[in-house]
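First comes the structure, then the notes that go with it.
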Amino acid sequence: MTRIKRNKFGMGILVAFICLCAVGCHDSGGDQDMQMEAISETEEGLYISNTAPEKCYLCGTPEQSLLPFYEGQTNLGIISLNTFEFVPIEINRYDDYGNLIEEPAGFSTTSMQNTGENGFTAYITPNHDRGYANATIYFENDKELNIDEAADFLCTECLNQTLEECWNDDPFGMGVINFETEEIRLLERNITAFMFDDFYVSCDLRTSDDSDGDSHQMDLLIFYCPERYQ
């Protein structure tokens, strides 16, 4: 198992150098040279995105993103890196003004959300009072990560920071987003559990061959477990 880890300091220097070279090429070669794909890869395995930081869905403020509605909440969500469609997992409840509701809910419900044609489907059952949630997701097209599509939503730094947390070279296009830190942890075939800040995520992958091809389904068990003693 190969862990994708890169030196962040070196990455910053390299990205800055490549950006300067790109500007120089633009000045000397004209606009035609800049009509390239949304993503390119260096020999060191770093990806260079054409998405500017201010338009990045994680560190910027794009008008079409719904993430700001959940920003700062101590909750996770299921997200596609290919489309940036996401479904929140509301273990901790918040009111319409973003305030944490610190009282018993007294109930638990199951919701089903589909993210569109060929998009993922998620069934989520949070237990607010006990601090955990069950979720089942059907990957559809998001069983594969499309770097070009991900680069349409993420700047160079956020794209590489997300990928460097992966243990393998072929993560799924699906992941878990922390609304409080705005970090994404991609799901992977051989990773059955991981800690994500104050959350523990258990993953059970199931695959099957059907008439439409290889089907991927994953059951998640998520616990909110902050440090008890500090």
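Are there strands (runs of 3 or more DSSP E) fully within region 30-80 with at least 2 residues that are modelled with pLDDT of 95 or more? List them.
Numbers: elements: 39-41, 47-49, 76-80.
Correct list: 76-80.
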Residues of region 166-188 being surrounded by fewer than 22 Cβ atoms within 10 Å (Cβ to Cβ) and touching a Lys or Arg at 6+ places or on another chain (Cβ under 6 Å), which ones? 167
How do the pairs read when you match residues in region 115-132 that are on the phi > 0 side of the Ramachandran plot with residues anywhere that are among the charged types (D, E, K, R) and surrounded by 15 or more Cβ atoms within 10 Å (Cβ to Cβ), using Cβ under 6 Å and keeping only pairs 6 or more apart or on different chains? 118/140
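So which strands (runs of 3 or more DSSP E) stay within region 118-200 end to end and still have 3 or more residues that are closer than 24 Å to residue 46 by Cβ?
Numbers: elements: 121-127, 132-138, 174-178, 183-186, 193-196.
By residue number, 174-178, 183-186.
Out of all the residues in region 134-150, which are farther than 19 Å from residue 191 by Cα and crowded, with 22+ Cβ neighbours inside 10 Å? Give the steps one after another, and end with the answer.
Start the filter on region 134-150 by keeping residues that are farther than 19 Å from residue 191 by Cα, which leaves 140-141, 146-150.
150 - this is the single residue of region 134-150 that is farther than 19 Å from residue 191 by Cα and crowded, with 22+ Cβ neighbours inside 10 Å.
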So which residues in region 48-79 are aliphatic (A, V, I, L, M) and either in contact with a helix residue (DSSP H, G or I) (Cβ under 8 Å, 6 or more places away or on another chain) or more than 20 Å from residue 186 (Cα to Cα) (or both)? 48, 52, 58
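The values are calculated or read from the model by the stated rules, or taken from the named source; none is laboratory data. On a predicted model such as this, the values are computed, not experimentally measured, just so you know. All Cβ positions, even for glycine, are placed from backbone atoms using ideal geometry, and neighbour counts span all protein chains on display.
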